[in-house]
């Protein structure tokens, strides 16, 4: 993977975690699997858990331990009101940024596809 | 299903190394981190049938993993804290080895010391009066008792400004780090 692509993916980590948790609460492994199924992002557990911890410390997420049927507890995360408003802000920024590049990129995609 | 008895020592050894590398963070926070990592391994082994080694590999090197938790947590805590020690730790973590960090730290220490001096001044005034102390003969007090609220307010204002500017610096460092990553 090209270096710039790695950097691009790193730059949107926070947004994709907030996006994962937008519909409801999930625990760590569910977040990882959701990222794999709903996006191209394959992240390591060693990246996601510290990031969840940071987002929680910033007040964007809250967590609770739930005793699962599996025999071990699971730590569920969900967005706080601040997390939801950050997610909306970031999603709007991302969409605006992506739209603003459309004019530049469409000729490249058109001609590059030939 | 939780990891088998034979796998437990391997998991505990890994978590022990993470615990050592997290030394310095509050005990409760460390326990919570380790509990979550243990739950992750149990989940992978129990639900997805993964091997213990593969489950631990997904977390990476224990020391590297702990380091990923550490700077973020210290910096985030510093941005939400009023404690001078925690703010100084945050400054220490931010932009290691730069002139900017040294300047930000020096300004913070200067602001904090000024606040302490002003509050000591206010306290001295109160104590001097209760001991019956008066200004030397011929000397005239400009502010009189007003020196007490003025020193207290000015000290609080300087502390507030120092905290805000230190937190701003720490936040700026985090933003510039994020920009480098993008």
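The values are calculated or read from the model by the stated rules, or taken from the named source; none is laboratory data. Computed from a predicted structure; not experimentally measured. Here Cβ is always computed from backbone atoms with ideal geometry, including for glycine, and neighbour counts include all displayed protein chains.
Kindly evaluate residue B:12 against the criterion of being in a helix (DSSP H, G or I), out of contact with any helix residue (DSSP H, G or I) (no Cβ under 8 Å at 6 or more places or on another chain) and more than 10 Å from every other protein chain (Cβ to nearest Cβ). For residue B:12, the condition - in a helix (DSSP H, G or I), out of contact with any helix residue (DSSP H, G or I) (no Cβ under 8 Å at 6 or more places or on another chain) and more than 10 Å from every other protein chain (Cβ to nearest Cβ) - is met. How many residues does the stretch B:38-54 hold that are free of Cβ contacts under 8 Å to residues at least 24 places away in the same chain, surrounded by 15 or more Cβ atoms within 10 Å (Cβ to Cβ) and facing chain A (nearest Cβ under 10 Å)? Residues meeting the conditions: 4. Applying the set (1) in contact (Cβ under 8 Å) with a residue 24 or more places away in the chain; (2) surrounded by 17 or more Cβ atoms within 10 Å (Cβ to Cβ); (3) more than 9 Å from every other protein chain (Cβ to nearest Cβ) to residue B:30 leaves exactly one unmet item: (1). Against the condition at pLDDT 90 or above and crowded, with 19+ Cβ neighbours inside 10 Å, how does residue A:48 come out, does it pass? Yes. If you go through the stretch A:35-45 and keep only what is in a helix (DSSP H, G or I), buried (at least 18 other Cβ atoms within 10 Å of the Cβ) and under 12 Å from the mean Cα position of the chain (by Cα), you end up with just A:35.
The number of residues in the stretch B:47-88 that are at pLDDT 80 or above and part of a helix (DSSP H, G or I) comes to 19.
Scan the stretch A:12-54 for residues that are touching a residue at least 60 places away in the same chain (Cβ under 8 Å) and more than 13 Å from chain B (Cβ to nearest Cβ) and jot them down.
The first filter runs over the stretch A:12-54 and keeps only residues touching a residue at least 60 places away in the same chain (Cβ under 8 Å), leaving A:12, A:14-15, A:18-19, A:21-22.
Listed by number, the residues that qualify are A:18, A:19, A:21, A:22.
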